[in-house]
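One structure is given below, encoded as structure tokens.
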Amino acid sequence: MMIVLGLGLDRGLLDWLQHYTFPLEADLSRDPGHARVAYERVVETTLSYGTTSAAYFATIGRETTELLCDIAENMGQRALVGKVTQMRVYLSKAYLF
């Protein structure tokens, strides 16, 4: 799984989104198994830091967004989960699936 934390700090926002974020989000939207691993990892990590309530933005995919809701609930974290909706989809060919 690609982790983007701390990568591309020399890039502008739109370039960073195009290069790192959009491809990762597209992968998470297409592959619920991959999304499960990523979401369990992030919720587990935030809980280990003592974060009992969190706000997350998932992906443009409904199934994997609901998966994040289920994982947070099952792991005992209060979470506000937002589904990504963006006006700039044309910036990334990764979302054209």
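Read-outs throughout are calculated quantities, based only on the coordinates presented, and are distinct from any laboratory measurement. Quick caveat, the model's predicted, so the values are computed rather than measured. Using ideal geometry, Cβ is built from the backbone for each residue, glycine included, and neighbour counts are taken over all protein chains shown.
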Review point. Which FRET efficiency value, to the nearest 0.05, do you get for residue 47 and residue 83 by plugging their Cβ-Cβ distance into 1/(1 + (r/R0)^6) with R0 = 35 Å?
Key: 0.95
Review point. Once amide H atoms are placed 1.01 Å from N in the peptide plane, what residues at a sequence separation of 5 or more from residue 79, or on another chain, have their amide H within under 5 Å of its amide H?
Key: 54
Practice item. May I ask which residue of 59, 13, 81 lies farthest towards the positive end of the charge dipole of region 13-95, with charges of +1 (Lys, Arg) and -1 (Asp, Glu) on Cβ and the Cα centre as origin? Key: 13
Practice item. Jot down the per residue volume, in cubic angstrom and as a whole number, of the convex hull over the alpha-carbon atoms of region 13-95. Key: 91
